[in-house]
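What follows is calculated from the coordinates using simple rules that are stated; it is not laboratory data. If you're wondering where the values come from, they're calculated on a predicted model, not measured in any experiment. Cβ: placed from backbone, ideal geometry, glycine included. Neighbour counts: every protein chain shown.
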Amino acid sequence: MSARPGPAAAVAVIGAAAGVAAILMLLKPPVETEALSLQTAQDCHSCHAAVYAEWEASHHAYAYLNPEVRKLSQDFRNEECLACHAPRPVLSFQAGERVLARSSDRGAGVDCMSCHLRPQGGIATSNPRPSSSAPCQPVYEPRLAGVDMCASCHNQHQTVDQWRASDAEIRGDNCLGCHMEDAFRAGGRRGRHHGFPAGHDRDALLKAVTLTSGSDADGRPWVELHNVGAGHNFPTDERSRAADLQLRWQDEAGAWQAWQRLHRFRDPYRDETDLTNTQLPSQQVWRKVLDPPAPGRAGEVRLLYRTQPFLPDADSVEMYRVGWPQ
Amino acid sequence: MICSWLAHRWNSRPRCGVASLLVLVAACGESAADPAYAVINPVDWHSGTGVSQHLAEHAAQLLPAAPPELVEEVAELLDSLAVGGNLARRAGARLQDLEADLRSVALLSLVEDRLTELGVRRFAYAWLRDTGIEAMLPRLCLRLKYEKDSWSAVCIAHTLLLHGNGAGLEALDNLLRQEQQDGSLQTARAYADEVLALLPTWSDQAPPQDFAARWEHLQEVRGRWASQRLLTPEEEQPETFAPRLEAELWRFMAQFLSQPLRPVDDARFVLMRQRACSVPLLLAAAEDPDRYVREHALQTMAWIGPAVGHWCRAHALDLGAALERALQDPALRPRALEALGASGMAELGSLIAPFLSGDSFEERTAAANALLRCAGSDHLDLVTRALEDPQWPRLSNEARFSLWTLRLALQPEVESEYPVELWDAVPETERARRQRWSQERASRVNS
């Protein structure tokens with residue numbers, strides 16, 4: 001067989017040769033990798049135990065085993081759902097393009113290989129000068145820390161487009177400033193936390209918005225929800241997420257009446273044709289002046305976050321509560 | 001016929017040309033890639049005819065778009081049908097007078113629009129059933145995915161059946177299995193029972209008399225549709241689709257190019273539910289210049305399963321030869337192996353077997369899965385070696401589970417169980433998938 005690479009190969013070779021990294025690679029002494037078969041997340045565990053533990057507790061590691069996903073996908077009999085929940089390495093697709101499913105080690109969900117395995121070989125790192133003696137052969141790959149890395153899976157519901165439309169100073173260079181905090185690794189090396197906190201993490205949620213209240217010149221109470229800390233809409237991505245502002249007043253005798261919904265922030269399911277998208281975009285404020293049943297009557301507003309819209313109040317996260325008179 | 005490249009692999013399990021190429025590139029100092037994910041592609045796909053070109057060739061046959069004013073008029077006419085009396089008679093007459101193509105596309109637009117009122121939608125389905133042209137079938141079939149009204153779902157199933165397509169039988173089955181009995185469900189069930197009575201029968205079979213017999217008959221027809229895409233044992237595997245129907249299928253195939261998910265999912269939903277003469281169309285798409293089209297086409301074939309094998313058998317098509325190029329491309333090879341295995345043709349076992357010790361982890365998993373779905377007892381030895389030989393290239397837990405399942409299927413008389421560690425290492429969903437594949441072996445195409 002004549003060794004004539006197709007056009008894709010030519011592009012890959014030229015592309016790599018253009019990078020400084022490739023020249024460094026050429027100078028690099030050969031590394032013994034025969035014994036190291038890197039195929040699954042488990043294979044990274046022995047040397048990167050701290051990263052592994054962070055990842056293992058994250059929703060990326062849970063993407064395949066998550067009972068919510070299993071239920072909705074009929075235990076993945078609906079194979080459409082495998083693509084992002086048990087993907088092949090993202091770097092084997094064009095930047096930002098759709099990923100496809102893998103057949104091996106699906107239980108590991110969005111695993112180390114999904115983000116780090118390079119189709120040309122080696123492990124992708126955002127470190128421009130990676131250790132040349134590291135047995136896993138880290139190679140500088142600018143795509144790793146880029147937004148398109150996340151877009152392959154997270155732009156289905158426009159999170160990345162929302163990020164692109166948000167203010168430069170909050171948005172930062174990529175998603176990692178908010179979703180991968182600094183972590184310190186053995187030997188003092190600076191690393192990044194692989195827990196990807198968001199909707200399932202109360203602290204992360206609290207960073208997204210503030211709820212404030214007051215009374216206007218006529219003494220009428222008001223509330224404001226401000227998206228101060230999310231570089232995209234709140235709540236973003238998954239259409240099932242909902243954030244509800246609820247209101248209640250005291251009656252004449254001073255007893256609390258039932259909570260009523262004041263406003264729901266949510267991107268509705270496609271078949272909910274009577275609803276529109278009410279997510280709160282980055283940096284925007286939602287404000288409402290309230291009508292108490294009688295002047296000066298005590299009232300409260302709280303913000304509940306639900307991972308799905310039908311979740312009972314008791315199972316939702318109460319993020320904030322404000323009240324009058326102040 | 002199997003190409004020399006494959007024969008070569010077969011005999012010696014060589015590091016083939018693909019691998020040596022990779023090694024060449026890798027010699028620049030990087031480790032050899034896992035070839036399943038390699039960007040280095042030995043197959044030049046650019047020469048193939050793309051889906052858009054296929055679609056362009058069928059342009060003259062495609063259904064026209066429905067003019068919005070016509071859709072509005074048809075909606076009003078259908079609305080008047082509900083009123084009854086003279087108004088309804090006039091509306092019916094006007095609908096009859098419309099040109100058949102235009103009427104069909106207007107009705108399709110109405111059932112596809114989420115905002116169409118239920119009453120109008122039901123009338124639209126009924127008119128499609130009674131007057132729709134065959135080229136509507138792919139779009140109508142897609143309604144099975146989205147239609148939530150039970151009566152309408154039965155009507156879709158009925159219409160598809162009238163055109164020889166059994167894709168709606170599953171919806172009938174689901175409906176009749178439901179326990180709860182509210183009012184709207186009852187009307188739908190009564191209609192479903194009527195449709196059961198219309199299911200085709202064959203020469204040595206008396207038409208079923210009571211519900212129990214009709215139910216049993218449904219199960220038989222449904223099983224045949226699932227495994228062969230035929231409704232009766234007397235039917236022959238059709239050679240091709242009518243040109244206009246084929247044009248509409250290319251329209252769906254072109255959606256494989258979409259980056260947003262839904263159009264791709266819709267296309268796969270429709271294409272896997274057609275009669276098995278979709279095989280040559282899918283094989284053509286498996287050679288598309290676009291990587292996603294090739295992937296989705298092969299995956300659709302794998303989802304169709306043994307019906308692909310039955311069709312190939314009926315038309316003496318060598319599936320191994322047809323997928324030769326796909327097998328040469330390391331990125332596509334796992335999908336090609338899966339499509340081969342899913343066809344359930346036992347003779348393909350020997351083509352797949354060498355890949356069980358192939359160059360990449362992912363490829364070996366695909367080969368194991370494929371063997372589970374088609375291989376016969378002539379591969380028992382290989383399976384045992386792969387499971388027991390410590391020198392065997394590393395296999396994923398999924399691959400090992402597939403091989404174990406195959407071993408159990410090939411030796412039902414031997415009492416044996418999965419090793420506990422293996423059982424625990426494979427998610428329940430994947431164990432269940434392999435149980436289903438094992439059961440599907442009953443409809444394999446035996447040589």
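Listed values, structure above:
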read-out	value
Two-site label geometry, B:Glu234 and B:Ala56: point separation in nm, points 7 Å out along Cα→Cβ	4.6
Calculated from backbone phi, Karplus (6.51, -1.76, 1.60) coupling profile of segment B:208-217 in Hz, x at Gly/Pro	x, 8, 10, 4, 4, 5, 5, 4, 4, 4
Exposed-loop-free span, longest in chain A, where GluC sites (Glu not before Pro) count as exposed if DSSP calls them loop and at most 10 other C-beta atoms lie within 10 Å	A:35-251
A:Thr276 paired with A:Ala298, simple spin-label distance in nm, labels 7 Å along Cα-to-beta-carbon	3.8
Gained length - A:Arg192 relative to A:Val289, 0.36 nm times residue gap less alpha-carbon distance	30.7 nm
Label-point separation, B:Glu421 to A:Thr307 (7 Å along Cα→Cβ), nm	3.2
Whole-Hz ³J(HN,Hα) from phi, Karplus 6.51 cos²θ - 1.76 cosθ + 1.60, for segment B:400-415, glycine and proline x	4, 5, 4, 5, 4, 4, 5, 4, 5, 5, 7, 10, x, 7, 7, 7
Nearest-20 debye value, the protein assembly as shown charge dipole, Cβ charges on Lys, Arg, Asp, Glu	1080
Relative contact order, percent, segment B:274-364 [alpha-carbon distance under 8 Å, six or more residues apart]	27
Relative contact order computed over segment B:68-236 (Cα-Cα under 8 Å; 6+ residues apart), in percent	15
Mean separation of Cα contacts under 8 Å, 6 or more apart, over the residue count of chain B: relative contact order %	16
FRET efficiency for B:Trp392 and A:Asn78, using Cβ-Cβ distance with R0 set to 25 Å, rounded to 0.05	0.15
Exposed trypsin sites (Lys or Arg not before Pro) absent - longest run of chain B, DSSP non-H/G/I/E/B, at most 14 other C-beta within 10 Å	B:149-393
Prolate/oblate/rounded label for chain B (Cα gyration tensor, a/c 1.5)	prolate
5 angstrom amide H check on A:Gly191, placed H, neighbours 5+ away	A:Ala183, A:Phe184, A:Arg185
Segment A:199-326, dipole about Cα centre (Lys/Arg Cβ +1, Asp/Glu Cβ -1), debye to the nearest 20	160
Largest-first principal axis extents, alpha carbons of segment B:68-236, Å	49, 38, 28
Dipole of segment A:262-326 [Lys/Arg +1, Asp/Glu -1 at C-beta], most positive-end residue of A:Ser316, A:Gln283, A:His263	A:Gln283
Environment charge at A:Pro293 (Cβ cut-off 14 Å; Lys +1, Arg +1, Asp -1, Glu -1)	-1
Cα gyration tensor, the protein assembly as shown - rounded (a/c under 1.5), prolate or oblate	oblate
Trypsin sites (Lys or Arg not before Pro) within segment A:171-228: DSSP coil, no more than 15 neighbouring Cβ in 10 Å	A:Arg185, A:Arg189
Antiparallel DSSP beta bridges within segment A:41-192, as percent of all bridges there, nearest 5	60
Residues A:Arg129 and B:Gln186, FRET efficiency given R0 of 56 Å [Cβ-Cβ distance, rounded to 0.05]	0.20
Helix-only mean residue ellipticity at 222 nm for the protein assembly as shown, each DSSP H run of n ≥ 4 adding -39500 (n - 2.57), per residue, nearest 500	-13500 deg cm²/dmol
14 Å beta-carbon shell around B:Leu317, net charge (K/R +1, D/E -1)	-3
Cα gyration tensor category, rounded, prolate or oblate, for segment A:41-192 with a/c compared to 1.5	oblate
